[in-house]
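Everything on this sheet refers to the single structure shown next.
The values are calculated or read from the model by the stated rules, or taken from the named source; none is laboratory data. All of these numbers come straight from a predicted model, not from anything done at the bench. As a convention, Cβ positions derive from the backbone with ideal geometry for all residues, glycine included, and neighbour counts pool all protein chains shown.
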Amino acid sequence: MDIELVIERVQRVAAARASDDVAAIKAGLRSVAQLRGWLAASEAALTAALKPQVSFPEKDVADCTRTSLGEATKATERSETLAAVPEFADALDAGAVTQGHVDEITKHTKGLNDAQRAELLERAAALVPVAVAGSVREFGKRLDLERRAVERGDGMDKLARQRRKVEFRDWIDGDGMYCYGGRLDPHAAIAFKANLEAQIRRQFAAGTPDTAPDDPVLRQRHLAGLALAHLVSRTDTSGADESDSGGSTSPIEPDVIVVVDASQSDGAGGPDIDWGIPVEVPLRVLADLIAGGDATVHTVVVRNGIVLHAPGNLNLGRTARLANRAQRRALNALYPTCAVPGCGVHFRYTKMHHIEYWEAGGRTDLANLLPVCPHHHTLIHQQQWHIALGANRELTIRYPDGSIQTTGPPSRRRAA
């Protein structure tokens, strides 16, 4: 869209805002949609131009657009998709499609190998008329069909495709309930379903609990939920901590990390106390869990970014490269997420980065560890970011282009 058309559409929007004519208002709304497309295309072009010139383009995009790091990452991915499918770049620039259509292409290419991705992008280039005529949802459904055709054509059998789509996710709903969802391939699902049904029979052979609903369908779902929770809480196959070399089949006792922040007041003259639980849970319930041996409380005392007290060995020196569970607990008391400013990846998905590299003689001590997500951990090593911590764990990141980013002392309560 050339600048004259942009100005014309801006004027049309301004005129519509001052009018009560339905036709003029609708024309104004259409112009808004076209301008959004042009702005999205402009953002993608500017992001693409910035990317080769800076070390951490997502940060610069986030700063300039006043958005989150996650939104900036999405904008960077969008620019890469438009560079690969210029037909959509032209359609977006003209306001004929939306950035949602482009994001559908990005989403559908994820998880494909290079050859599959190239073929799907080629197919997408021919679907501009479909995107112009349809909604984002309709376009996404068409891309579903195209992706399946690409995977079939690649010679992958159905089970192999299904295994690549196995996933699991978790979230907390508005009622404070922990929710879990996922997909299993048929082979894994057969064993999963058999074990779940056997657990339901074993656990409720003597009768159903008082919590079970009267409705037979809802009751079965309730029992399945309780049985699944019992199965998972009694067995762990992931390993106890980062330093484990193999899995364990022993039960894992949940940790409750209580953070006592001596640098913050609770408003009543005492230190701020954070139980580390994202939903409201009565203290009586926590007390019952602890008294019944269903959870272990670990108290960590912090002040101005410094861990004053935490249970366990926090300094492993050169005896182990990977952080232990005690070190992760201590750092979790300070960091709710990846330590890179603006990154929202939860602490449980982070890796422990050695400030002084292990290969250079760095020690696996608390003062030399920083939790970072896998994406930023890769960037730190590949692009040689220089990371430094101050006396109160003030973070300084010096990027290869010379730019510097700094933070104050970390705090789980403030950053959450």
Task: Counted residues, region 174-202 - those being modelled with pLDDT of 85 or more and of a type in the set (Asp, Glu) - done: 2
Task: strands (runs of 3 or more DSSP E) contained entirely in region 310-416, each with at least 1 residues that are charged (D, E, K, R) and surrounded by 12 or more Cβ atoms within 10 Å (Cβ to Cβ) - done: 351-354, 395-398
TODO: Could you check how many residues of region 64-95 are of a type in the set (Val, Ile, Thr) and either in a helix (DSSP H, G or I) or not assigned by TED's automatic domain parsing to the domain that holds Trp38 (or both)?
DONE: 4
Open item on the list: I'd like the full set of residues that are among the hydrophobic types (A, V, I, L, M, F, W, C) and at pLDDT below 95, limited to region 98-117.
Closed with: Leu112, Ala115
- [ ] Please name all residue pairs, on different chains or six or more residues apart, with Cβ atoms under 9 Å, provided the first residue is in region 1-30 and is without any contact (Cβ under 8 Å) to a residue 24 or more places away in the chain and the second residue is in a helix (DSSP H, G or I) and aromatic (Phe, Trp, Tyr).
- [x] Leu5/Trp38
Task: Flag for Leu39 being closer than 21 Å to Gln99 by Cβ, surrounded by 15 or more Cβ atoms within 10 Å (Cβ to Cβ) and not small (Gly, Ala, Ser) - done: yes
TODO: Starting from region 117-128, take each residue that is of a type in the set (Lys, Arg) and list its partners that are exposed (fewer than 14 other Cβ atoms within 10 Å of the Cβ) and modelled with pLDDT under 95, counting only C-beta distances under 7 angstrom and pairs at least six apart or across chains.
DONE: none
TODO: Please verify whether region 177-190 includes one or more residues that are part of a loop (DSSP other than H, G, I, E, B) and under 30 Å from Glu119 (Cα atoms).
DONE: yes
Open item on the list: Which numbered condition in (1) closer than 19 Å to Ala96 by Cβ; (2) outside any helix (DSSP H, G or I) is the only one that Leu112 fails?
Closed with: (1)
Open item on the list: Checking the conditions here, which among Lys59, Lys74, Lys110 is under 28 Å from the mean Cα position of the chain (by Cα), under 30 Å from Ile397 (Cβ atoms) and in contact (Cβ under 8 Å) with a residue 60 or more places away in the chain?
Closed with: Lys59
Open item on the list: Residues that are of a type in the set (D, E, K, R): list the helices (runs of 4 or more DSSP H) wholly contained in region 117-172 that include at least 3 such residues.
Closed with: 136-153, 158-164
Open item on the list: Based on this model, can you work out whether Asp185 counts as touching a residue at least 24 places away in the same chain (Cβ under 8 Å), acidic (Asp, Glu) and over 30 Å from Asp90 (Cα atoms)?
Closed with: yes
- [ ] Give region 111-132 a look and list any residue that's closer than 24 Å to Ala49 by Cβ and among the charged types (D, E, K, R), or say none.
- [x] Arg117
